[in-house]
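Values quoted throughout were computed directly from the atomic coordinates according to the rules given, and no laboratory measurement underlies them. The shown structure was predicted, so the numbers you read here are calculated from the model rather than taken from an experiment. As a convention, Cβ positions derive from the backbone with ideal geometry for all residues, glycine included, and neighbour counts pool all protein chains shown.
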Amino acid sequence: MPNPDHPYYLLSETCRQHQATLIAVSKTRSIAEIDNIYQMGQRIFAENRAQELLEKAPVMAKDIEWHLIGHLQTNKVRSIMPYVSCIQSLDRLNLWDKIQEEATRSGKKIKCLLQIKVAAEETKYGWSFEELNNILLSGKHHACPDVMICGVMGMASLTEDMAQVRNEMKSLKASFDLLKDHYFKNDPAFDTISMGMSGDYMVALEEGSTMIRIGSLLFPKEKD
Ligand SMILES: *Cc1c(COP(=O)(O)O)cnc(C)c1O
């Protein structure tokens, strides 16, 4: 019997109320831990490393949708193609080209999100809005027709300062709105704002997130 107090139920209900999609971030979790959440009804899981996705996806239920949410090396794209349904961490041009090449090769389109850097921290991957604007102005999305650009993904700073987190999320939402208006107005597929993690998902939903990526909150530590 699943435990009705498991955080999964509150999270999925919160997402339903906000018409947002819940992504279960399963990095570092075992097959058994993932299966536990699967049994509760969750069908979309995300890994941040290609290697881990390749270890898990082939042995798990076939109706799971796998997303890749971490920095992806171009030489890993081919191997994950059969398993991944969305690459949320499209963060540079040579990766865009590689995904296009492998999508053509395998004869299927692949969904991607444009990773935008909104956090103050230096270490975060992703484009600035200005960089992305120039790339789209050059028509990159038309040059890569098998890469379906479905929206944006971003991470706020890891800080207790919720005002800063909220500002960064407002900035991501504003970037999405501008890109939608300028480059994807007639493209219904461009509809996703992936923002919000365990520590800031409520702020994210208030600021217009359509997809939250939850790891630690969904996989609570066992009590001893
Ligand atoms: C790990 C991770 C998450 C989930 O983080 P939690 O704080 O554990 O919910 C979300 N997004 C990305 C890109 C991650 O790497």
### Task
Highest first, please rank the peptides 34-41, 103-110 by the mean number of other Cβ atoms sitting within 10 Å of their residues.
34-41, 103-110
### Task
Report, in cubic angstrom per residue, the convex hull volume of the C-alpha atoms of the stretch 116-224.
127 Å³
### Summary
The distance between the Cα centres of the stretch 177-224 and the stretch 100-128, in whole Å, is 15 Å
## Note on the structure
Given the candidates Thr159, Gly126, Leu172, the one whose Cα lies deepest towards the positive end of the charge dipole of the chain, counting +1 at each Lys or Arg C-beta and -1 at each Asp or Glu C-beta, is Gly126
### Task
Put one equal scatterer on each alpha carbon of the stretch 62-185, apply the Debye formula with no solvent term, and list log10 I(q)/I(0) at q = 0.12, 0.21, 0.22 1/Å to two decimals.
-0.46, -1.22, -1.29
### Summary
Filtered hits (aspartates and glutamates, Cα-Cα < 20 Å from Lys76, offset >= 8 within chain) -> Glu47, Glu52, Glu55, Glu65, Asp91, Asp97, Glu101, Glu102, Asp146
### Query
If each of Glu130 and Ala32 carries a label point 7 Å out from its Cα toward its Cβ, how far apart are those two points in nm?
5.2 nm
### Query
What do you get for Rg/Rh of the stretch 16-67 when both radii come from the Cα atoms and Rh is the Kirkwood radius?
0.96
#### Entry: Over the chain, equivalent-ellipsoid semi-axes from the Cα gyration tensor in Å
27, 22, 15
## Note on the structure
Contour minus Cα-Cα span, Ala61 to Ser12, at 0.36 nm per residue, comes to 15.6 nm
### Task
Using DSSP to define loop residues, name the chymotrypsin sites (Phe, Trp or Tyr not before Pro) in the stretch 123-218 whose beta-carbon has at most 16 other beta-carbon atoms within 10 Å.
Tyr125
### Task
Place the peptides 62-69, 211-218, 132-139 in order of packing, highest mean first, counting for every residue the other Cβ atoms within 10 Å and averaging per peptide.
211-218, 62-69, 132-139
### Task
Evaluate the charge dipole of the chain about its Cα centre and quote only its size in Debye, nearest 20, assuming +1 on the Cβ of each Lys and Arg and -1 on the Cβ of each Asp and Glu.
640 debye
### Task
Would you mind calculating the gained length between Ser106 and Arg78 on full extension (0.36 nm times residue separation, minus the Cα-Cα distance), in nm to one decimal?
9.2 nm
